[in-house]
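Participant: Can you keep this structure in mind? I'll have questions shortly.
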Amino acid sequence: MRNVSTIIDGKRVITKKPELLAPAGNLEKLKVAIMYGADAVFVGGKEFSLRSLASNFTLEDIKEAVEFANLYHAKIHVTCNIILHEENLEGIREYLKALDEIGVAAIIVADPYIMLLAKQLHLSLQVHVSTQLSSTNAEAIRFWQKQGLERVVLGREVDYQDLKAIMAETDIEVEYFIHGALCISYSGRCMLSNYYSRRDANRGGCSQSCRWYYDIYKGDRKINTDEDIPFSMSSKDLSLVDHIGELIELGVDSFKIEGRMKSLHYIATVVSTYRKLIDTYCADPDHFEYDPKYMTELNKAANRALTLGFYNQKPSQNDQLFNLRDEHPTQEFCMRVLHYNPVTQLAKIEQRNYFKLGDVVEFFSPDRDNFKMVVRELYNEDMEKIEVANHPMEVLYVKVEGLVKKDDMARKVGK
Ligand code: SF4
């Protein structure tokens, strides 16, 4: 078992805190992820990455990302995890060298040629084995270690008992998914999207065909009626929020949040919730008591019901959304604070979704407790009183009696 704690002055403290690894689909999300507590962020390059629709980063963007991350001692990982075809080979050598020169900490790789090339080029960056390769046992992980790779991102299908065995029997870095969407198929092995829409899920083009509505046939006879709830194969989303302590005790090196396509509100909410939870646990693990407020907070950004996935047992029909998509709107992200004047109590904000006088909003921040207030005073940039904020990205002023600061956010929670 990996050693994660030590006794200092009679109290056990965690000495091996896991990395909190967040997704980002653009620079704005990346900066928010880091400000809200991510130790590292993974992004997709314009080339050689899955999630080709996830507003991927140019080399210039990656450079800016690394410079920003350095200010917070955070790291940038870049996914280079497409399955390479002959037509994709051109430029890969130069691309890897450029990532290394920029200061990228790691690349996440699925294709053996990219692994080989990264090692032949003697790059400083780490090479991480993508979850696309479905590494689910200690022998497979030892294989990757023998190839000189530094970390394995486990398959989402690894349960707690197998994870425990892997952590006990290997000493390579291990990354484990703690939150985000799950595939209904074995991750990295799905052809539904390729079949239905000719968009290759394993080359970044998944059209989420599993979440479509389907008619059900027995032979040639359709057996569902138009009145039936539509049939879908969608999975609930993963959340291990109430198992974080035991994952820290196992010595898991990196906790991964999925969702490069997700919103700014999602990234801020999910990252800050896990940040606070990990820090609270690590400060005093022997007196830690799980507080359901963490789950309450995550649910504000979840648009599907949550599940433990494979963590405790094979998922049952209760972990899936066979007959109902069960997607619900998240609470609406309505403003981002640009500046706060504690004397006038006016917050300069950027509008992100419609809100108006009388709405109840909840402010949240990376390092303070949330608080709610009713919007009672609202001004435009010329300090004229207005009643509604209905222009996206408009700069406005709101009277806020609690303390807020730049980059805090607010969500609409009621009227
Ligand atoms: S179609 Fe569904 S199961 Fe298949 S890769 Fe896409 S999200 Fe995963």
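Participant: Hey, can you tell me all the residues within segment 139-161 that are within 25 Å of SER235 (Cβ to Cβ) and within 23 Å of the chain's Cα centre (by Cα)?
Facilitator: Selection gives VAL152, VAL153, LEU154, GLY155, ARG156, GLU157, VAL158, ASP159, TYR160.
Participant: Right, here's the next one. Taking helices (runs of 4 or more DSSP H) that fall entirely within segment 114-212, which contain at least 1 residues that are farther than 19 Å from LEU247 by Cα, without any contact (Cβ under 8 Å) to a residue 40 or more places away in the chain and within 15 Å of the ligand (Cβ to nearest atom)? Walk me through how you get there before you give the answer.
Facilitator: Numbers: elements: 138-146, 160-169, 192-197.
By residue number, 192-197.
Participant: Residues to consider are GLU387, GLU394; find the one that is open to solvent by 50 Å² or more (accessible area, probe 1.4 Å), more than 20 Å from ALA301 (Cα to Cα) and in contact with an Asp or Glu (Cβ under 9 Å, 6 or more places away or on another chain). So that I can check it myself, show each step before the final result.
Facilitator: Values: GLU387 fails: in contact with an Asp or Glu (Cβ under 9 Å, 6 or more places away or on another chain).
Going through GLU387, GLU394 in turn, the sole match is GLU394.
Participant: State whether the residues of segment 235-255 include one that is open to solvent by 50 Å² or more (accessible area, probe 1.4 Å), touching a residue at least 24 places away in the same chain (Cβ under 8 Å), out of contact with any helix residue (DSSP H, G or I) (no Cβ under 7 Å at 6 or more places or on another chain) and of a type in the set (A, V, I, L, M, F, W, C).
Facilitator: For segment 235-255, residues open to solvent by 50 Å² or more (accessible area, probe 1.4 Å), touching a residue at least 24 places away in the same chain (Cβ under 8 Å), out of contact with any helix residue (DSSP H, G or I) (no Cβ under 7 Å at 6 or more places or on another chain) and of a type in the set (A, V, I, L, M, F, W, C): absent.
Participant: Are there any pairs with C-beta distances below 6 angstrom linking a residue in segment 351-376 that is in the same structural domain as ASP39 (by TED's automatic domain parsing) to a residue that is part of a loop (DSSP other than H, G, I, E, B) and surrounded by fewer than 20 Cβ atoms within 10 Å (Cβ to Cβ), with the two at least 6 apart or on different chains, and if so which?
Facilitator: From segment 351-376, no pairs qualify.
The values are calculated or read from the model by the stated rules, or taken from the named source; none is laboratory data. Remember, predicted model here, so these are calculated numbers, not experimental data. Cβ coordinates were reconstructed from backbone atoms using ideal geometry, including for glycine residues, and neighbour counts include every protein chain displayed. Note: areas computed on protein heavy atoms with side chains; ligands, DNA, RNA excluded. Shrake-Rupley method; radii C 1.70, N 1.55, O 1.52, S 1.80 Å.
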